[in-house]
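Below is one structure, written out as structure tokens; comments come after it.
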Amino acid sequence: MPDVTKRSVDPATQQVLKHIEGQPIKTTWDRHDEMQPQCGFGQLGICCTNCYLGPCRIDPFGEGAQQGVCGADADTIVARNLLRHIAAGAAAHSDHGRGVAHALHLVGKGKIHDYHIQDEEKLKQMAKMYDIKIEGRSKEEIAVDLGDKFLGDFGSQEGPIKFISRAPRKRIEVWKKAGIIPRGVDREIVEAMHRVHIGVDNEYKSIILHGMRASLGDGWGGSMIATEAQDILLRTPEPIRGTVNLGVLKEDQVNIIVHGHEALLPEAAAKVVKDPEMIKLAKEAGANGINLAGMCCTANEVLMRHEVPLAGNFLQQELAIATGAVEMMMVDIQCIMPGLIDVAKCFHTEIITTSEKAKFPGVTFIHFDEHDAINIMKSIVKKAIENYKKRDKSRVFIPKDKKDLVAGISTEVISCILGGKYLNTFKPLNEAIINGRIRGVAGVVGCNNPKITHDYGHLTLVKELLKNDVIVLSTGCSAIACGKAGFLQPEAAFEAAGKGLKEVCEAVGIPPVLHMGSCVDNSRILIAACEVLKAGGLGEDISDLPAAGAAPEWMSEKAISIGFYFVSSGVFTVLGGAMPVLGSQNVTKFLTEDMESVCGGKFAFEADPLKAATLMIDHINKKREALRLRPMMYQGK
Ligand code: SF4
Ligand code: MSK
């Protein structure tokens, strides 16, 4: 039997894994074991299936073929494969953003009635940025124009996309010099796919430079539009208390899990499960109520705005069903394992997909049409209630583990907490960095991956950063991991923090790990970096900041795109495992060394999270020295 402690450090996950031992239930860890040894050519990035002269692969030992049938060498093949990954990741985020921008437009037109403008201030702030007339106009009129402008940034041919102008002047100059300012979100993704076609772009640096441009179209385009439009429609997150881990599932209630990345859909679910008519139906079915919980980034969205509990992060999706207590898993887009279907077959759980972009064999598709959101959601919730009657109570196993947390720390909230209601500013944070109480800032984000013990990478890295007085901004599955370990409870996190960081966080009333949202909300970290620069004293460009990024358990193409837009924005970024590029020494060197001279940021690959923390702290110290900041006041914890 596999050692569950090697699979996860999370006690709830370990318990469910133990509970299902011997049952015919396969999880991602089992499939990962079955997949060993994984393809070496794939890991090194040196196989190519881009045309039917192939498939081709390069001999990594230099003895066999060094070129594909067309003559492409390892550099070209590795760089092209990487660009395909970036394009897919950027496309996923950006298509999400397009959906929300479109919804904003429709709300303004009065064609959608279940959503409304909830953050008028942000609507006007964004409208001003796009030179949209505000005076004397209704919020709906402004929303129509803003929705159009957002959508325009997807289809724009010449650019630059608008939000590039939010970056510091020096950063824009760096991008101009490198020729990587995105002209249109879609244009860069399409051009990426053109360049990787056989016989187009064959020069690795040129291919990667375009990857940087496409990723910037994600971070400063598609993702940022998604975040801002969601804030306008659903409200900008504010600090909120919540609960996390599989223990949030309830033995006596109808459990419904929303999973994926949509924000509009769970919004409707959060409303419908409170509807007295639905609660009455649940009681008639023998349950004590309806319990809505979230998984992955849909979870982060609905937690931040509705206190909906988080059932878990990426590697826990199958285990949630394996508790035997889930009546329905409602999935939308991204990070939904097809393996869920087989686990669900072992129980009464019904999986419903609500996105026509994300279908699964044998899984019911119910089109989530924003025009009739509440009614559609009611019909879905009714199905879940009906399904409760089929639950086999003797098979239910819900681990007790759950933790309280504080989430919803948007950029606006940070500046408001730091500066007070009337003086929104990051100044107190800057002063704490300048005077040596806080060493610097780290963005720790991204997925889980069975290649690394679940949550171990995130937690070990974050603990080490906190100990060394580095404040952590977190999103996605990393934020959920931090929540499960108690790092999002101010008091518990203070225990882990160095003396200086603890003093500052206690004084201003923020936890040292800030939950900033979902994957698209990594754009909030970019904006936070801009706000820090505006507050003064820490240089003129993002690359001047004593800051670093990390994705210790990354796995998705979106994570590659995120990594690229962080690095291209000037941030030193450590990935917990190498991207599939090691088959080309030139590409690897470009990513981990030469990129710094192009954009001020570069990648490092380090699987050991303690060593990754050291790399980040060393980088932060180097930036402190360059800024001639005071020595640290205390030496960590
Ligand atoms: Fe082989 Fe070149 Fe075709 Fe790739 S593009 S499959 S390397 S022939
Ligand atoms: S959900 S992209 S596993 S963070 Fe955003 Fe988690 Fe990574 Fe998906």
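Determine the alpha carbon to alpha carbon distance for each of Lys122/Lys176; Lys18/Lys390; Lys280/Lys382 and list only those over 18 Å. Listed pairs above 18 Å: Lys122/Lys176; Lys18/Lys390. Give the aspartates and glutamates reachable from Lys589 as a straight Cα distance under 18 Å; neighbours fewer than 8 places away on the same chain don't count. Of all the aspartates and glutamates, those that pass the test against Lys589 - Cα under 18 Å, at least 8 places apart if same chain - are Asp73, Asp75, Glu203, Glu606. Taking all protein chains into account, the per residue accessible area for segment 82-160 stands at 44 Å² (1.4 Å probe). Size descriptors for segment 74-234: radius of gyration and Dmax over Cα atoms are 17.1, 60 Å. Of Asn291, Ala373, Pro266, which is farthest on the positive side of the dipole of segment 246-395, counting Cα position, with +1 on Lys and Arg Cβ, -1 on Asp and Glu Cβ, and the Cα centre as origin? Value: Asn291. Think of segment 74-234 as having a plus end and a minus end, set by charges on the Cβ of Lys, Arg, Asp and Glu; of Gly136, Ala79, Val190, Ala79 sits farthest toward the positive end of this dipole.
The residues of segment 500-588 expose, per residue, 22 Å² of accessible area to a 1.4 Å probe.
In a simple Cβ point-charge model (Lys, Arg +1; Asp, Glu -1; nothing else charged), segment 127-256 has a dipole of about 640 debye relative to its Cα centre. For segment 107-114, 3J(HN,Hα) computed residue by residue from phi via the Karplus equation (6.51, -1.76, 1.60; θ = phi - 60°) reads 4, x, 6, x, 8, 10, 10, 8 Hz, glycine and proline entered as x.
DSSP finds beta bridges in the chain, and of those with both partners inside it, around 15 percent are antiparallel.
Take the alpha carbon atoms of segment 247-308, find their center, do the same for segment 570-592, and report the distance between the two centers in whole angstrom. With segment 247-308 and segment 570-592 each reduced to a Cα centre, they are spaced 41 Å. With distances taken between every two different alpha-carbon atoms, segment 1-125 has a Kirkwood hydrodynamic radius of 20.0 Å. Quantify, in whole percent, the carbon and sulfur part of the accessible surface of the chain (1.4 Å probe; protein heavy atoms only). Carbon and sulfur together cover 52 percent of it. Taking a straight line from the alpha carbon of Lys170, these aspartates and glutamates sit under 13 Å away, with near neighbours fewer than eight places off in the same chain left out: Glu540, Asp541, Asp544. Work the Kirkwood hydrodynamic radius out for segment 478-634: mean of 1/r over every pair of different alpha-carbon atoms, inverted, in Å. Here the Kirkwood hydrodynamic radius works out to 16.8 Å. Going by the alpha-carbon gyration tensor, a ≥ b ≥ c the square roots of its eigenvalues, is segment 140-254 rounded (a/c under 1.5) or, if a/c is not under 1.5, prolate (a/b greater than b/c) versus oblate? It comes out prolate by the Cα gyration axes.
A simple charge model with +1 on the Cβ of Lys and Arg, -1 on the Cβ of Asp and Glu and nothing else charged puts the dipole of the chain at about 800 debye relative to its Cα centre. Length gained on full extension, Ser206 to Glu596: 138.8 nm, using 0.36 nm per residue less the C-alpha separation. Solvent-accessible area of Glu350, all protein chains in place: 50 Å² (probe radius 1.4 Å, heavy atoms, ligands and nucleic acids excluded). Sorting the segments 293-302, 246-255, 321-330, 487-496 by their residues' average number of neighbouring beta-carbon atoms within 10 angstrom, most packed first, yields 293-302, 321-330, 246-255, 487-496.
Highest average first, the peptides 563-569, 466-472 ordered by how many other beta carbon atoms sit within 10 Å of their residues are 563-569, 466-472. Note down the net charge around Trp29, summing +1 for each Lys or Arg and -1 for each Asp or Glu among other residues with Cβ under 15 Å from its Cβ. Net of charged neighbours comes to -4.
Quick one: which of Lys124/Lys271; Lys149/Lys534; Lys499/Lys558; Lys451/Lys499; Lys128/Lys357; Lys111/Lys389 span more than 30 angstrom between C-alpha atoms? Checking Cα-Cα distances, Lys499/Lys558; Lys451/Lys499; Lys128/Lys357; Lys111/Lys389 exceed 30 Å.
Local charge for Leu582 was computed over the other residues whose Cβ lies under 13 Å away, with Lys and Arg +1 and Asp and Glu -1, and equals 0. Over segment 4-57, accessible surface divided per residue gives 57 Å², non-protein components excluded, 1.4 Å probe.
Convex hull volume of the C-alpha atoms in the chain, normalised per residue: 148 Å³. Each part reduced to its alpha carbon centroid, segment 450-479 and segment 155-172 end up 31 Å apart. Amide H contacts under 5 Å for Asn291: Val254, Asn255, Ile256, restricted to partners 5 or more places along the chain or on a different chain, H placed in the peptide plane at 1.01 Å from N. Going Cα to Cα from Lys502, which aspartates and glutamates come in below 17 Å? Please leave out same-chain ones fewer than 8 positions away. Correct list for Lys502: Glu431, Glu464, Asp469, Glu491.
The residues Tyr204, Tyr52, Tyr456, sorted by heavy-atom accessible surface at 1.4 Å with ligands and nucleic acids left out, run Tyr52, Tyr456, Tyr204 from largest to smallest.
The values are calculated or read from the model by the stated rules, or taken from the named source; none is laboratory data. Because the structure is a prediction, the values reported are computed rather than measured. Every residue, glycine among them, receives a Cβ derived from its backbone with ideal geometry; neighbour counts consider all protein chains shown. These accessible areas exclude ligands, DNA and RNA; they are computed on the full protein's heavy atoms, side chains included. Shrake-Rupley method; radii C 1.70, N 1.55, O 1.52, S 1.80 Å.
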